[in-house]
Amino acid sequence: MINAVQIWNPDDWEVFALSLLQCRHGALKVHKIPAAHKGDFGIDYYCTDQAVAYQCYAVQEPIDIATRADRQKRKITTDLAKIVSKAAEVSQLFLGYPIKHWILLTPLHDSKDVNLHCSKKTQEFRKQKLAHLDANFEIAIHDQNSFPSSAVAAGMSALAMVMLNVPRPTDEEMNQWQAASPDLLANATHKLMKRTGSDRVKGAVAEAVRSFLEGNAILDALRSGSPDMYEKVMAAVASRSRRLSFAGPQGGPGPSAILNTEIDSLITAIKAAAPNISDDNANQIAFGTVSDWIMRCPLDFPSDAA
């Protein structure tokens with residue numbers, strides 16, 4: 001199964017993280033430390049009521065699990081050093097009460113190595129017996145899956161731009177899907193033969209399958225992470241599909257002109273329904289949807305078109 005990954009810049013992740021934390025602790029109980037003036041003490045947000053400090057960190061995606069884990073561990077080590085060197089200021093922030101938790105808040109946590117690193121650092125800090133840290137001070141990592149889906153959806157809906165990265169399907173994933181969908185492949189081959197001819201149809205079908213899998217991965221990510229946007233996109237797709245079924249394809253007379261017109265119209269409809277989805281993602285959804293239409297209907301081309 002292909003999984004899409006949200007692409008974050010640091011500023012957007014901090015805004016999104018604030019929304020998550022306000023849902024967790026309450027809007028009046030989460031405080032921000034601006035990093036622009038004399039550093040951030042290794043803390044971006046904190047809640048004195050729960051004696052917890054948060055540091056936000058979004059790595060530049062896409063990267064592999066091991067690299068992501070290494071960067072997260074390095075961030076934990078670097079920023080924890082700041083709460084030691086700035087002990088007086090940090091203690092003042094928490095009104096003299098010892099901090100119970102320090103949490104790295106990141107979009108994706110997928111390696112046990114980071115958990116082990118957190119445990120190691122927790123033991124190190126407890127042994128130091130620092131006055132501004134609780135005797136049971138604990139270091140952890142949370143990602144957006146640590147929060148209720150309603151909190152994630154609310155944060156996503158407020159973003160100026162949603163940008164998802166979907167990996168190219170592997171040969172194995174392509175082969176598995178094709179082996180399980182012979183009828184859909186036959187439909188695509190029959191229809192795309194009218195555009196490409198027999199010598200190029202195999203490549204065209206493979207591209208349709210690839211586009212279908214990538215588009216579905218983005219829609220799956222939207223459905224779980226941003227259901228409001230997902231519903232808007234799907235409503236736009238359904239509207240275009242109804243028109244296609246009722247009135248037939250636009251453009252023409254040849255298959256290439258029909259395909260270009262339908263793809264462009266669908267991209268326009270998706271962007272109108274969900275303006276904060278990235279252009280690349282709108283294109284991928286449109287390509288995947290049109291590929292689905294080719295494999296399942298209602299999109300076909302005149303038999304005598306060239």
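The set of residues from the stretch 209-250 being of a type in the set (Ser, Thr, Tyr) and in contact with a helix residue (DSSP H, G or I) (Cβ under 8 Å, 6 or more places away or on another chain) comprises Ser211, Ser224, Ser226, Tyr230, Ser239, Ser241. A residue that is part of a helix (DSSP H, G or I), touching a strand residue (DSSP E or B) at 6+ places or on another chain (Cβ under 8 Å) and modelled with pLDDT under 95 occurs somewhere in the stretch 155-168. Could we say that Arg210 is loosely packed, with under 15 Cβ neighbours inside 10 Å, under 22 Å from the mean Cα position of the chain (by Cα) and within 25 Å of Ala180 (Cα to Cα) here? So Arg210 does not fit the description; no.
The number of residues in the stretch 35-63 being acidic (Asp, Glu) and modelled with pLDDT under 90 comes to 2. Applying the criterion of being within 17 Å of Ala272 (Cα to Cα) and hydrophobic (A, V, I, L, M, F, W, C) to the residues of the stretch 234-260, the residue that is surrounded by the fewest Cβ atoms within 10 Å (Cβ to Cβ) is Ala238. Of all the listed residues (Asn216, Asn165), the sole one being among the polar types (S, T, N, Q) and touching a Pro at 6+ places or on another chain (Cβ under 8 Å) is Asn165. Going by what's in this entry, would Thr289 be described as part of a helix (DSSP H, G or I), crowded, with 21+ Cβ neighbours inside 10 Å and among the hydroxyl-bearing types (Ser, Thr, Tyr)? So Thr289 fits the description; yes. Scan the stretch 47-95 for residues that are touching a strand residue (DSSP E or B) at 6+ places or on another chain (Cβ under 7 Å), over 20 Å from Trp13 (Cβ atoms) and of a type in the set (Gly, Ala, Ser) and the total you get is 1. Please work out if Lys271 is surrounded by 15 or more Cβ atoms within 10 Å (Cβ to Cβ), among the charged types (D, E, K, R) and under 30 Å from Phe147 (Cβ atoms). Yes; evaluated as a whole, the condition is true for this residue.
Let's see how each residue does on (1) under 30 Å from the mean Cα position of the chain (by Cα); (2) outside the structural domain of Gln284 (by TED's automatic domain parsing); (3) among the β-branched types (Val, Ile, Thr):
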| residue | (1), (2), (3) |
| --- | --- |
| Ile99 | no, yes, yes |
| Leu108 | yes, yes, no |
| Cys118 | yes, yes, no |
| Lys127 | no, yes, no |
| Ala131 | no, yes, no |
| Glu138 | yes, yes, no |
| Asp143 | yes, yes, no |
| Gln176 | yes, no, no |
| Asn187 | no, no, no |
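All of Ile43, Ile63 fail the test of being of a type outside the set (D, E, K, R), in the same structural domain as Ala131 (by TED's automatic domain parsing), without any contact (Cβ under 8 Å) to a residue 24 or more places away in the chain and surrounded by 13 or more Cβ atoms within 10 Å (Cβ to Cβ), apart from Ile63.
Does Ala131 satisfy being part of a loop (DSSP other than H, G, I, E, B) and not aromatic (Phe, Trp, Tyr)? Against the criterion (part of a loop (DSSP other than H, G, I, E, B) and not aromatic (Phe, Trp, Tyr)), Ala131 qualifies.
Asp12 passes every criterion in (1) part of a strand (DSSP E or B); (2) surrounded by fewer than 22 Cβ atoms within 10 Å (Cβ to Cβ) apart from (1).
The values are calculated or read from the model by the stated rules, or taken from the named source; none is laboratory data. What you are looking at is a predicted structure, and each value in this text was computed from that prediction instead of being measured. Note that we place each Cβ from the backbone using ideal geometry, even for glycine, and neighbour counts take in every protein chain shown.
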